[in-house]
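Let me begin by presenting the structure, written as structure tokens, before commenting on it.
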Amino acid sequence: MKVAWNVLVNVIKKLTSSNIFWYVFFAIAAYYGYKRLTRPPETTFINTPLPNSGSGIPQGWTPDDLASQFHDHFASFWVNASTLQILYTQSNSLTDDQFVTLCNFYNAKYAKLDGNKTLWTRVKSWKSIWFGTGVDEQNKFIKRMVTLKQDY
């Protein structure tokens, strides 16, 4: 047992005497620190108030289908750019109350599942911009999110 302990101590001494070990150690510590500090607070997922107090939402309309289509698109590895363009077009045709409800619903249902990625961070991600052929529809969507204070 004493020999095994001495071997372990010698291995640890050799590892910690190497500069590469410390570079890797501090890089990993910096990465985890960055992830911890940039995690959105829990208040991010609280519903924001509707601009017209809900008067712009038609009877029986729910954002579930559109939000799940956004989630399916962002969560899949193989994406279809035309699908994203259709989703942006559909979302841009919603009333302000419907649009905010869609953002609130997406963030409440999917943001925590996707590693705290809100609809705003998903729309601004490289995958959407890289594969999105409807850049003008995406820009309208982004401008609308900023206007309605959904850019978090």
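The values are calculated or read from the model by the stated rules, or taken from the named source; none is laboratory data. Remember, it's a predicted structure, so these values are computed and weren't measured experimentally. Counting neighbours? That spans all protein chains shown, and the Cβs are built from the backbone with ideal geometry, glycine included. Accessible surface areas use protein heavy atoms only, side chains included; no ligands, DNA or RNA. Shrake-Rupley method; radii C 1.70, N 1.55, O 1.52, S 1.80 Å.
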- prompt: How large is the convex hull of the Cα atoms of the chain per residue, expressed in Å³ as a whole number?
  reply: 170 Å³
message: Which one, 66, 18, 89, projects farthest toward the positive side of the charge dipole computed for the chain from Cβ point charges (K/R +1, D/E -1)?
response: 18
- request: Taking the Cα centre of the range 1-102 as origin, sum charge times position over the Cβ atoms of Lys and Arg (+1) and Asp and Glu (-1), and report the length of that vector in debye to the nearest 20.
  value: 1200 debye
statement: Share of accessible surface on carbon and sulfur in the chain, whole %, 1.4 Å probe and ligands ignored, is 63 percent
query: Using just the C-alpha positions of the range 78-125 as equal point scatterers, what log10 of I(q)/I(0) does the Debye formula give at each q in 0.20 1/Å?
result: -0.76
- prompt: Mind checking the angle between helix 2-16 and the chain's longest principal axis? C-alpha axes, 0 to 90 degrees, to the nearest 10.
  reply: 60 degrees
- request: Tell me the label-point distance for the pair residue 62, residue 1, using the 7 Å Cα-to-Cβ offset, in nm and rounded to one decimal.
  value: 6.2 nm
task: May I ask you to give the solvent-accessible area per residue for the chain, in square angstrom, as obtained with a 1.4 angstrom probe?
output: 67 Å²
message: How much length would be gained if the chain were fully extended between residue 125 and residue 83, taking 0.36 nm per residue of separation minus their Cα-Cα distance, in nm to one decimal?
response: 13.5 nm
task: Could you state the angle between the C-alpha long axis of helix 135-147 and the longest principal axis of the C-alpha atoms of the chain, as a value from 0 to 90 degrees rounded to the nearest 10?
output: 90 degrees
